[in-house]
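Scroll down for the structure; my scribbles are underneath it.
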Amino acid sequence: MGVMSGDPDLQLRGRLLRRLGLLREMLPGSFVEHKRACGRPNCHCADGQNLHTQYQISVLLDGQPKTFHIPEALVDQVREKIQLRQRFEAAAAAICRINLRRFLKEKEKS
């Protein structure tokens with residue numbers, strides 16, 4: 001039996017690393033959804049109830065917050081790509097925890 005087959009940490013780390021290929025389409029930032037009135041007096045939003053929905057990506061570029069409009073047709077795709085980045089960050093944190101645990105175990109042996 002190989003080393004990995006009996007070590008749950010290594011099995012998890014391997015699964016997380018194999019999934020990284022799916023992440024090549026990830027996007028940075030946060031997905032933002034705003035409701036707002038457009039300001040036109042005859043628009044359906046003028047009553048303050050039936051507001052327009054606006055979608056954006058909010059990111060830091062060169063240390064400055066920036067927002068980018070997302071067309072409604074791309075909302076699901078963009079939301080999914082931002083979630084990929086969030087999953088990537090969670091996987092990276094899990095891999096680092098596994099590696100630290102393994103390092104500390106090895107350090108104790110030496």
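The values are calculated or read from the model by the stated rules, or taken from the named source; none is laboratory data. Note that the structure is predicted; figures quoted are calculated from it, not measured. Methodologically, a virtual Cβ is constructed for each residue, glycine included, from the backbone with ideal geometry; neighbour enumeration extends over all protein chains shown. What goes into the accessible areas is simple: the full protein's heavy atoms, side chains included, and nothing from ligands, DNA or RNA. Shrake-Rupley method; radii C 1.70, N 1.55, O 1.52, S 1.80 Å.
A few notes on this one:
- Scanning the range 72-98 for residues that are open to solvent by 60 Å² or more (accessible area, probe 1.4 Å) and not small (Gly, Ala, Ser) yields a total of 13.
- Matching residues in the range 20-43 - criterion: being open to solvent by less than 60 Å² (accessible area, probe 1.4 Å) and either part of a loop (DSSP other than H, G, I, E, B) or among the charged types (D, E, K, R) (or both): Leu27, Gly29, Ala37, Cys38, Cys43
To keep it simple, each residue is scored yes or no on (1) in contact (Cβ under 8 Å) with a residue 40 or more places away in the chain; (2) over 13 Å from Val32 (Cα atoms); (3) in a loop (DSSP other than H, G, I, E, B); (4) over 19 Å from the mean Cα position of the chain (by Cα).
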{"site": "Cys45", "(1), (2), (3), (4)": "no, yes, no, yes"}
{"site": "Asn50", "(1), (2), (3), (4)": "no, yes, yes, yes"}
{"site": "Thr53", "(1), (2), (3), (4)": "no, no, no, yes"}
{"site": "Gln56", "(1), (2), (3), (4)": "no, no, no, no"}
{"site": "Phe68", "(1), (2), (3), (4)": "no, no, no, no"}
{"site": "Ala73", "(1), (2), (3), (4)": "no, yes, no, yes"}
{"site": "Ile82", "(1), (2), (3), (4)": "yes, no, no, no"}
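- Here Leu17 clears all of (1) open to solvent by 80 Å² or more (accessible area, probe 1.4 Å); (2) of a type outside the set (Ser, Thr, Tyr); (3) in contact with a Gly (Cβ under 8 Å, 6 or more places away or on another chain) except the condition numbered (3).
- Condition check for Leu60: free of Cβ contacts under 8 Å to residues at least 60 places away in the same chain, out of contact with any Leu (no Cβ under 9 Å at 6 or more places or on another chain) and in a helix (DSSP H, G or I): no
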